[in-house]
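J.: Submitted below is the structure of interest, expressed as structure tokens.
The values are calculated or read from the model by the stated rules, or taken from the named source; none is laboratory data. As the structure is a computational prediction, the values presented were derived from the model and not from experiment. All Cβ positions, even for glycine, are placed from backbone atoms using ideal geometry, and neighbour counts span all protein chains on display. For the accessible areas, the whole protein counts, side chains as well, though only heavy atoms, and no ligand, DNA or RNA atoms are used. Shrake-Rupley method; radii C 1.70, N 1.55, O 1.52, S 1.80 Å.
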Amino acid sequence: MTQNTAEALTLTVNLDGYNYRAAIPPMRRRRLPVLTRARPLALFLFVASYALNIALEGRLPSGWATALAIFPLVPVLFYLFSSLFLNFQLWKSIRTAPFRQGDITWTLDAQAFTTTKPGHRTYTEWSQVLDVIDSKDGLLLLIGYFEAIVLPASAIPDDMSQAELKDRIRGWINAAPR
């Protein structure tokens, strides 16, 4: 159900079948500071261990030389496992949030967006929203590094495209006092 007035926009949807995995890549690309720190750390450890391996070649007992030759792979494995762990944690956080279960109604206007469902009501001013980004299945309102409000494409009014809604929301976010 959707109501579209000049100032406010009301969207109602049930997110039980929403593909939350589609929300992870755009969030990861935009807002994961831990992951961005893991890359330089892994690169530094790889280069340092490789340089140490070259500098000490021939001066170590055979067991140490083998271990030192394998050690540059440790940062690569660290990066891969940390990326998988962060993806899993992000997906689990999005999927299991209690307020995402059942029918949800969003009311968006120039001042804020309100999330309403039985037993839950949240009022969030646009100044608290970091950004609005496209996802495979709709829009994501980023409210934290690991948290987003999902506006699925099925909730967007028929007379409005996803890009138009994104532009309207981005205008409200930019106009909000910070």
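J.: Rounded to the nearest percent, how much of the accessible area of the stretch 85-160 (1.4 Å probe, protein heavy atoms only) is carbon and sulfur?
T.: Ligands and nucleic acids excluded, carbon and sulfur reach 53 percent.
J.: OK, next. Once the other residues with Cβ under 12 Å from the Cβ of K166 are scored (Lys, Arg +1; Asp, Glu -1), what is the net sum?
T.: Residues near K166 contribute -2 overall.
J.: Within a Cβ distance under 15 Å of W106, other residues only, what is the Lys/Arg minus Asp/Glu net charge?
T.: In short, +1.
J.: Would you tally the net charge around E7, using a Cβ to Cβ cut-off of less than 13 Å, leaving E7 out, and scoring K and R as +1, D and E as -1?
T.: For residues surrounding E7, the net value is 0.
J.: Per 0.36 nm of contour for each residue apart, how much would the distance between A163 and L84 grow if the chain were fully extended, relative to their Cα-Cα spacing?
T.: This chain segment gains 25.4 nm when fully extended.
J.: Using the heavy atoms of the protein chains and a 1.4 angstrom probe, tell me the accessible area per residue for the stretch 71-178 in square angstrom.
T.: Ligands and nucleic acids excluded, the figure is 53 Å² per residue.
J.: Find the centroid of the Cα atoms in the stretch 104-138 and in the stretch 155-178, then give the distance between the two in whole Å.
T.: Measuring centre to centre over Cα atoms gives 11 Å.
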